[in-house]
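**Student:** Following this message is one structure expressed as structure tokens.
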Amino acid sequence: MVLLLLKRISFMIFTMIVVSIILFLLLETGLTGDPATRVLGNFASAEQKEMWRDQHGYNQPLVVRYGKWLGNFATGNLGESIRFKTEVKNVLYPRLWNTVILGFWTFAIMIPLSLILGVLSGMKEGSLLDRSISVFGILTTSVPEFASAVFFSALFVFGLKWLPGTSSMSGGFEVRQLILPVMVLVVYDFGYVARMTRASMAEVMTSQYVRTAVLKGLPYKQVILKHALRNALIAPFTVIMLQINWLLSGVIVVEFFFAYKGFGALLLEASLNNDIALLEACAMVAVVAAVASQTIADIGYTFLNPRIRFS
Amino acid sequence: MNDNQEPVLVCKDLSISYYTRAGEIPAVVDFSLTVKPGETIGIVGESGCGKSTVAMAIMQYMGANGGITGGSITFKGRDLTTLSENELRKIRGSEISMIYQEPFASLNPSLKISTQLMEVPLAHENITKEEARNRSAQMLADVKIPDPERIMESYPHQLSGGQQQRVVIAMGLLSNPSLLLLDEPTTALDVTVEAGIVDMIADISRKFGTSQIYISHNLGLILETCDRVFVMYSGEVVEEGTIKSLFTWPKHPYTNGLFSCIALPTTDKNAAPLKPIRGQLPLPFERPQGCYYWPRCDHYEKGLCDQEHFKMEFVEDGASDHRVRCLRYKDIDHSALDSGDSIREKLEIGEQVLNVDTMKKYYEVRDNSLKALFTGKTVRHVKANEELNFTAHGSETVAIVGESGCGKSTFAKVLMGLEAGTGGEIRFNDKDISNIAVRDRSTEQIRSVQMVFQNPFDTLNPSHTIGGQISRVIRQFGVENDKEKVFNKVMKLLDIVKLPRDFYYRKPRQLSGGQKQRIGIARAFAGNPSLVIADEPVSALDVSVAAAVTELLMDIQREHKTTLLFISHDLSVVRYLADRIVVMYLGHIVERGSTEEVFSPPYHPYTEALLSAVPIADPEITKREIVLEGDVPSAMKPPKGCPFCTRCHRRIGDICDNELPLEMMVADRHAIKCHIPLKELSKIKPVIRIPDEAERVHAQ
């Protein structure tokens, strides 16, 4: 068990280093265009660029630069954003926090909802409830976020006038502004997780060990909660952990639509504006979150499945 | 059996149907059964005859599409078909328990054994957790599991198949049920493990007075375990009676047909061959009018058997509870029919074809445990085959016998070129082929060494026609290339395996298991091979089908003078068809010799135990009982000395644990690997005693 943990964590660190090298090569070297041109613009003279390179240490050997670059990251010195004219962390941290809030509420509603409905429909495969959930799940998942965002805005903002149309939180944090983005995300993601849970639960319900549990004379509740659920949750657990990445950097459309100041929107802004320092910081944050969530998923998986824990 | 006691279970005129898109399918019709306290009832029949459906109906667990359409199931005076789910729950697991065919699938993979055991008494009785735990541990000890405390804390995947089944049995017995349903409880287990479990189940029924319903396809097992037996065919009982009466005087042609299909010690491939039942089991919606069995029956009388469906009736002049569903049983004399009209001549043994000389096959296994990383021993060797020595001649059938994990399939893989040998040689026609991979072999070499696989269901490509698949082999082997000649060759092969010629255009899914295996045989013999390896070719098939396929294989071998390497775990079949036997245990050959030599003393102790473990469906044959303790050790951690020392009932001392015995030559081509001197081994009495024809009951 200890060995497994060590292995997973060292693998996680290894992945991060590999990604950081790729990131460094792409953004900090001439591989995809001169960084000096990117920062100073197309109209800068050759002398200006040379001076900039000298100032920012771009004339040192590659390995030394990478070492320093990585060291800066590790110590939290993320550099300065050109676009926002301030230190990267001043921009990054509030945005990240906003995304965490959005993600937390999406998860807090989506996970219980999809797991409960998925389990209920998987328990009685082919029942009315099962079929309605399946159809509803396909329907909501196949409607893209930008379409449902438009639809919900039309309904709640312009029709019923219940909710504000933008969620920029310009006057401080407001829960009412959070409702629409969370709703769009929940509706989009719920079908996917629920159908996954349903398939997994339905399979477990036909397994021989569930038959054994029933024929042992256990109460139905105990058969479901103790015998079926744990095995049925293994597959959805992996899927749910993958949703963390998606929520962090894959919901740009929703953030943009509602003018929500989240992490995904920041990533887009940074790349559109050639803001290298900000882009690097955002990319590294996304990678760390992705790798960490997968490591947690792997470790959690071994707890759900003793066959992996003891082999 | 006490006749005055109230019966535990009474099924009366029970009919069960499944509802599918094709409509209602009657799975079981007109089924009546009475189980008295302490009695063990056997239900025997081939797959699809409805025997498991009966068990599920008693449990009232038939899924969404099954239902009881008539009759009643009365358990201790209460009709189970009328009870509510909650009332059923109180009976399930506490008064009626069930043991399943696949122990591994029946245990929850993510819960500890202790949790799964303790919840049974906790659900049915008002007791504390501690009490439940103590009782569970005690029950594990009762089912003879060593070290119950350790097992309690284990997960199912950490146990062997035999231990898992013992856990399932312990689970079934925990609340001391009055009725135990056993659905093929040992089919997934090895024979020596099976013998231990069967022995234990018998003990339990004596100790606790539990009534049992034992479902099996194996007549020999039924004979060893049951008091009364029901023979089912196509959803109905065709004959019932006490073990003695039914096994000695079978009345129904189907019952008798089943006996003629199984290899008993009295059968012989030349003098007394098996007599397969012709045709196939009818599907439930294709059942013929009248007796369901008449299209396959040798005693069918037109105008009588195919008219009306009839009830069971008592056998005249028979035992009081012997009943049969046949109008002509009085006219049929089954013993008279046994006269040998199909005696075949013994085959001339040819030149030596195969010489396996100190062949070894080790697998490398990476060990990633912390301990291995520290000690640096990250690569370990699993000795799948350790110094195999034996020879095979032309037209000879050599059987390789052993339980799972003994290395018999590994040997087949090396011989086929699917794996490379680690040491030694396999000389086929005087050329070492142990290190030539199959892709490096010449067409000639591939053509002449062919294989028939164990599972006919997975070996045919589902998207190609039968004709296409056989033609391809013929062209690959360079037998024929001209389109028309290839077609004719396929037709000839279909004739040889006794399949209709229009199977050429069929897809595998349209074939039954037996038919698929015939195609597998046709494919193997397409290039007229000189050596064919048959890896458990009939173990996935039903008794009557298996007999037909076995006979077919023998016939083709006879015609082509092929050397047959027959890999099997079933000593009865091996005794029937093999000329020579190689007994393997944990990668070693522990004994090899001619069939008579292996089946008579001196035995290797493992051979002796194997002989005792195989159930024989003949009540007049007596066996010495030898039940081995425990399971086959893991090939990862074999014992240091003799591979069999951990389970041997004749262990003589430390020498067995520490030194690998050498081969002792008993006679030419008969060798035993054991520390016990030959003199001692020769004193051992035969395990199986077959009565003379004059001693038999029906002769008197």
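**Student:** Name the one entry in A:L117, A:L139, A:L113 that is surrounded by 21 or more Cβ atoms within 10 Å (Cβ to Cβ), in contact (Cβ under 8 Å) with a residue 40 or more places away in the chain and either over 21 Å from the mean Cα position of the chain (by Cα) or assigned by TED's automatic domain parsing to the domain that holds A:I234 (or both).
**Tutor:** A:L117
**Student:** Quick one: is B:S94 surrounded by 16 or more Cβ atoms within 10 Å (Cβ to Cβ) and in a loop (DSSP other than H, G, I, E, B)?
**Tutor:** Here the answer is yes, as B:S94 does meet what is asked.
**Student:** Would you be able to tell me the number of residues in segment B:409-439 that are part of a strand (DSSP E or B) and without any contact (Cβ under 8 Å) to a residue 24 or more places away in the chain?
**Tutor:** Residues in segment B:409-439 being part of a strand (DSSP E or B) and without any contact (Cβ under 8 Å) to a residue 24 or more places away in the chain: 2 in total.
**Student:** Report whether or not B:T255 is farther than 25 Å from B:D30 by Cβ and under 22 Å from the mean Cα position of the chain (by Cα).
**Tutor:** Taking the combined requirement at face value, the residue does not satisfy it.
**Student:** All but one of (1) within 14 Å of another protein chain (Cβ to nearest Cβ); (2) closer than 30 Å to B:E125 by Cβ; (3) touching a residue at least 12 places away in the same chain (Cβ under 8 Å) hold for A:E125; state the number of the condition that does not hold.
**Tutor:** (2)
**Student:** While we're here: Give me the residue from segment B:70-90 that is touching a residue at least 24 places away in the same chain (Cβ under 8 Å) and of a type in the set (A, V, I, L, M) and, out of that set, farthest from B:A123 (Cα to Cα).
**Tutor:** Selected residue: B:I73.
**Student:** Next question, about the same structure. Filter segment A:210-222 down to the residues that are part of a helix (DSSP H, G or I) and either surrounded by fewer than 22 Cβ atoms within 10 Å (Cβ to Cβ) or in contact with a Phe, Trp or Tyr (Cβ under 8 Å, 6 or more places away or on another chain) (or both) and list them by number.
**Tutor:** A:V210, A:R211, A:T212, A:V214, A:L215, A:Y220, A:K221, A:Q222
**Student:** Kindly indicate whether A:Y301 is in a loop (DSSP other than H, G, I, E, B), of a type in the set (S, T, Y) and either within 21 Å of the chain's Cα centre (by Cα) or under 19 Å from A:I82 (Cβ atoms) (or both).
**Tutor:** Considered against the rule, which asks whether it is in a loop (DSSP other than H, G, I, E, B), of a type in the set (S, T, Y) and either within 21 Å of the chain's Cα centre (by Cα) or under 19 Å from A:I82 (Cβ atoms) (or both), A:Y301 comes out as no.
**Student:** Could you tell me which of the residues B:M139, B:M56, B:M118 is touching a strand residue (DSSP E or B) at 6+ places or on another chain (Cβ under 8 Å), in a helix (DSSP H, G or I) and crowded, with 18+ Cβ neighbours inside 10 Å?
**Tutor:** It is B:M56.
**Student:** Answer with yes or no whether B:E620 is assigned to a loop (DSSP other than H, G, I, E, B), within 15 Å of B:G196 (Cβ to Cβ) and of a type outside the set (K, R).
**Tutor:** no
Let's see how each residue does on (1) modelled with pLDDT of 80 or more; (2) surrounded by fewer than 21 Cβ atoms within 10 Å (Cβ to Cβ); (3) within 19 Å of the chain's Cα centre (by Cα):
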site	(1), (2), (3)
B:P250	yes, no, no
B:I262	yes, no, yes
B:P265	yes, yes, yes
B:P273	yes, no, no
B:I277	yes, no, yes
B:P288	yes, yes, no
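**Student:** Return only the number of the condition from (1) at pLDDT 80 or above; (2) of a type in the set (S, T, N, Q); (3) outside the structural domain of A:D189 (by TED's automatic domain parsing) that A:N98 does not satisfy.
**Tutor:** If we test A:N98 against (1) at pLDDT 80 or above; (2) of a type in the set (S, T, N, Q); (3) outside the structural domain of A:D189 (by TED's automatic domain parsing), just (3) comes out false.
**Student:** Hey, another quick one. Among the residues of segment A:197-225, write down those that are within 9 Å of chain B (Cβ to nearest Cβ) and more than 24 Å from B:Q101 (Cβ to Cβ).
**Tutor:** Within segment A:197-225, A:P219, A:Y220, A:Q222 qualify.
**Student:** Also: Just to verify a result, which residue in segment B:577-588, among those that are in contact with a Lys or Arg (Cβ under 6 Å, 6 or more places away or on another chain) and outside any loop (DSSP other than H, G, I, E, B), is surrounded by the fewest Cβ atoms within 10 Å (Cβ to Cβ)?
**Tutor:** B:L577
**Student:** Another question, then. Identify all residues within segment A:28-80 that are in a loop (DSSP other than H, G, I, E, B) and under 20 Å from A:A281 (Cα atoms); write none if there are none.
**Tutor:** Passing the criteria: A:T29, A:G30, A:T32, A:D34, A:H56, A:G57, A:Y58, A:T75, A:G76, A:N77, A:L78, A:G79.
**Student:** Working only within segment B:132-164, note down all residues that are within 14 Å of chain A (Cβ to nearest Cβ), charged (D, E, K, R) and closer than 14 Å to B:Q116 by Cα.
**Tutor:** Hit for segment B:132-164 is B:E153, nothing else.
The values are calculated or read from the model by the stated rules, or taken from the named source; none is laboratory data. This one's a predicted model, so the numbers in the text were calculated from it and none came from an experiment. No Cβ is skipped: glycine too gets one built from the backbone with ideal geometry, and neighbour counts run over all protein chains shown.
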